[in-house]
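Structure first, commentary second.
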Amino acid sequence: MCDASYLCQVDRLERETLSQISLLPHLEEEARKSMPSPGEVRDEFDRWLNEAPAEQTMTAADVEQLELFRLMGVAKGR
């Protein structure tokens, strides 16, 4: 992931979290306790970026869609 893309994603996540935090006075006590901070959300995003991808199997529909994307020139790995 490039730096600009990372910064845009982190900025979006932080803005969403801050908008949710602004609702804290209107939430029930349990909901207040479970609300993550912007730092926690950023840390979770960083962990997600660094985790190894799970092994995935492709269905026949996935293979067909990948072939169509390749024909259009928009598939990863072209």
Check: Taking region 1-33 on its own, how many of its residues are surrounded by 10 or more Cβ atoms within 10 Å (Cβ to Cβ) and either modelled with pLDDT of 90 or more or not in a loop (DSSP other than H, G, I, E, B) (or both)?
Finding: 18
Next item on the list: Could you list, in sequence order, all residues of region 34-66 that are part of a loop (DSSP other than H, G, I, E, B), among the hydroxyl-bearing types (S, T, Y) and surrounded by fewer than 10 Cβ atoms within 10 Å (Cβ to Cβ)?
Entry: T57, T59
Check: Which pairs do you get when a residue that is under 24 Å from Q9 (Cα atoms), found in region 20-47, comes within reach of a residue that is outside any helix (DSSP H, G or I) and of a type in the set (S, T, N, Q), reach meaning Cβ atoms under 8 angstrom, with the pair 6+ apart or on two chains?
Finding: I21/S37
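The values are calculated or read from the model by the stated rules, or taken from the named source; none is laboratory data. Since the structure is predicted, the reported quantities are computational estimates derived from the model, not experimental observations. Using ideal geometry, Cβ is built from the backbone for each residue, glycine included, and neighbour counts are taken over all protein chains shown.
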